[in-house]
Amino acid sequence: MERQIRYQREANLEWARQFTKQPGGERLLSCIQCGTCSGACPLSIYMDLTPRQVIALVREGFREDALRSKTIWLCASCYACAVECPQKISITDIMYRLKREAIRSNLYPKRFPIPVLAREFCEMVRRRGRNSEFWVVFRMALRSNPFVLFSMARTGWDLWRTGRLSLRKERIRRINDLQFIPAASKEVD
Ligand code: SF4
Ligand code: SF4
């Protein structure tokens, strides 16, 4: 992420306040910026912002910077940060919350495959009740970087030839019952 100076007037303090009221965000304001979470995180060397910086951005109300960061998508949900945090902040749950909001608000980094994959996966499960691996990966590639399909073609062909990759789009019966669940969960989100 490109580092830029941010001014306090750009902060959305109301968003930060709301965030601390949601499950997982209750202890956010107690962060002492010690950096233990960043040190414990096995993936922080690949992240554009460390977990500590993400927590600081959320706490101060810099919504877009937090939602657009690649860090929230690289988080592997290992909970090492949350276990080590001296203030018992649920950093992993905060990452989850940011991911959901980034997808809802269309603020995830464009052409970055992980959020595109998450979105395609959820959309397929919502519409069909099942994940058809080939189609999810195909749509993810089309929407992030179509050229990657060339490098995947050989592996895809081998998997299909040996019966380990199906091109069939599966669908469960009574899909309406399943679609009721995400609709209900949105109401409590
Ligand atoms: S370990 Fe906890 S207190 Fe320390 S910077 Fe990370 S979130 Fe804040
Ligand atoms: S849960 Fe995510 S942010 Fe925390 S240590 Fe694991 S990968 Fe890093």
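Taken together, the values in this text are just the output of simple stated rules run on the coordinates, not laboratory data. Bear in mind that the values here come from a model prediction, so they are computed numbers and not experimental data. Note that each Cβ is placed from the backbone with ideal geometry, even for glycine, and that neighbours are counted across all protein chains shown.
Return the pair list, or none, for Cβ contacts closer than 8 Å from residues in region 139-159 that are free of Cβ contacts under 8 Å to residues at least 60 places away in the same chain to residues that are of a type in the set (Gly, Ala, Ser) and in a helix (DSSP H, G or I), at least 6 apart or on different chains.
From residues that are free of Cβ contacts under 8 Å to residues at least 60 places away in the same chain, the pairs are Val148/Ala141; Leu149/Ala141; Met152/Ala141.
Looking only at region 89-142, filter to residues that are hydroxyl-bearing (Ser, Thr, Tyr) and not in a helix (DSSP H, G or I); which one of those is nearest to Cys78 (Cα to Cα)?
Among residues in region 89-142 that are hydroxyl-bearing (Ser, Thr, Tyr) and not in a helix (DSSP H, G or I), the one nearest to Cys78 (Cα to Cα) is Ser90.
Could you look through region 74-88, keep only residues that are surrounded by fewer than 21 Cβ atoms within 10 Å (Cβ to Cβ) and of a type in the set (A, V, I, L, M, F, W, C), and pick out the one that is nearest to Phe19 (Cα to Cα)? If you could, list the steps in order and put the result at the bottom.
Filtering region 74-88 for residues surrounded by fewer than 21 Cβ atoms within 10 Å (Cβ to Cβ) gives 74, 76-80, 82-84, 86-88.
With of a type in the set (A, V, I, L, M, F, W, C) added as a condition, the list becomes 74, 76, 78, 80, 82-83.
Working: Leu74: 21, Ala76: 21, Cys78: 22, Ala80: 22, Ala82: 17, Val83: 21 Å.
Step by step, filter region 74-88, then rank; the result is Ala82.
Does region 16-62 hold any residues that are of a type in the set (A, V, I, L, M, F, W, C), farther than 17 Å from Tyr79 by Cα and part of a helix (DSSP H, G or I), and which are they?
Ala16, Phe19, Leu29, Ala56, Leu57, Val58 - these are the residues of region 16-62 that are of a type in the set (A, V, I, L, M, F, W, C), farther than 17 Å from Tyr79 by Cα and part of a helix (DSSP H, G or I).
From the list Ile32, Ile55, Ile5, Ile91, which residue is surrounded by fewer than 13 Cβ atoms within 10 Å (Cβ to Cβ), among the β-branched types (Val, Ile, Thr) and either within 12 Å of ligand 1 (Cβ to nearest atom) or on the phi > 0 side of the Ramachandran plot (or both)?
Matching residue, one of Ile32, Ile55, Ile5, Ile91: Ile32.
So that you can scan it fast, the table gives a plain yes or no per residue for (1) under 28 Å from Glu123 (Cα atoms); (2) of a type in the set (Asp, Glu); (3) out of contact with any strand residue (DSSP E or B) (no Cβ under 7 Å at 6 or more places or on another chain):
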{"residue": "Thr20", "(1), (2), (3)": "no, no, yes"}
{"residue": "Arg27", "(1), (2), (3)": "no, no, yes"}
{"residue": "Arg63", "(1), (2), (3)": "yes, no, yes"}
{"residue": "Thr92", "(1), (2), (3)": "yes, no, yes"}
{"residue": "Glu101", "(1), (2), (3)": "yes, yes, yes"}
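When you scan region 54-77, how many residues do you find that are over 16 Å from Pro42 (Cβ atoms), within 11 Å of the chain's Cα centre (by Cα) and not polar (S, T, N, Q)?
Result for region 54-77: 2.
Write out, first by first residue and then by second, each pair whose Cβ atoms fall under 6 Å of each other, whose residues are 6+ apart or on separate chains, and whose first residue, in region 77-103, is hydroxyl-bearing (Ser, Thr, Tyr) while the second is in a helix (DSSP H, G or I).
Ser77/Thr92; Tyr79/Thr92; Ser90/Ala82; Thr92/Ala82
Filter region 63-88 down to residues that are part of a helix (DSSP H, G or I) and within 11 Å of ligand 1 (Cβ to nearest atom), then give me how many there are.
5
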